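Engineer: One structure, as structure tokens, below. Some questions next.
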Amino acid sequence: QVQLVESGGGLVQPGGSLRLSCAASGNIFSILTWAWYRQAPGKQRELVADITSNGRTRYVDSVAGRFTISRDYAKKTVSLQMNSLKFEDTAVYYCNVGNGVLNSWGQGTQVIVSS
């Protein structure tokens, strides 16, 4: 099993920035994809960004150009740098790792964008 712990969430004003981090432990040898999802109240969980073992990254259109996902292999963490935050970015953000078949999830960290 892989254990994931997110951190870095909080309250930020529109246009501000936050950096989320996800620390992994356990059996991470088979991980192919590291990802960030988010879920706003009353809405479906959506994939925000992911990064594969070969370094390829993808972003949902609504965050492209504003968010950056990165992986620190030495520290066993994946991060999400969020810039130019909007009200629509308010959600609980979840770290996710997968091997193409199974997934592991963190508990989530709350991001609130409000003036």
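Engineer: Do we have any residue at all in region 20-40 that's within 15 Å of Arg71 (Cα to Cα), among the charged types (D, E, K, R) and touching a residue at least 60 places away in the same chain (Cβ under 8 Å)?
Structural biologist: The answer is no; no qualifying residue exists.
Engineer: Quick one: in region 68-79, of everything that is over 19 Å from Tyr37 (Cβ atoms) and either within 12 Å of the chain's Cα centre (by Cα) or without any contact (Cβ under 8 Å) to a residue 40 or more places away in the chain (or both), which residue is surrounded by the most Cβ atoms within 10 Å (Cβ to Cβ)?
Structural biologist: Asp72
Engineer: Give just the number: which of (1) open to solvent by less than 60 Å² (accessible area, probe 1.4 Å); (2) in contact (Cβ under 8 Å) with a residue 40 or more places away in the chain; (3) outside any strand (DSSP E or B) does Ser115 not satisfy?
Structural biologist: All conditions pass for Ser115, except number (1).
Engineer: Please go through region 90-109 and give me each residue that is farther than 14 Å from Leu4 by Cβ and free of Cβ contacts under 8 Å to residues at least 40 places away in the same chain, ordered by number.
Structural biologist: The answer is Val101, and nothing else.
Engineer: Could we say that Lys86 is closer than 30 Å to Ser115 by Cβ, exposed (fewer than 15 other Cβ atoms within 10 Å of the Cβ) and touching a residue at least 60 places away in the same chain (Cβ under 8 Å) here?
Structural biologist: Taking the combined requirement at face value, the residue satisfies it.
The values are calculated or read from the model by the stated rules, or taken from the named source; none is laboratory data. Remember, it's a predicted structure, so these values are computed and weren't measured experimentally. Every residue, glycine among them, receives a Cβ derived from its backbone with ideal geometry; neighbour counts consider all protein chains shown. Only protein heavy atoms, including side chains, enter the accessible area calculation; ligands, DNA and RNA are left aside. Shrake-Rupley method; radii C 1.70, N 1.55, O 1.52, S 1.80 Å.
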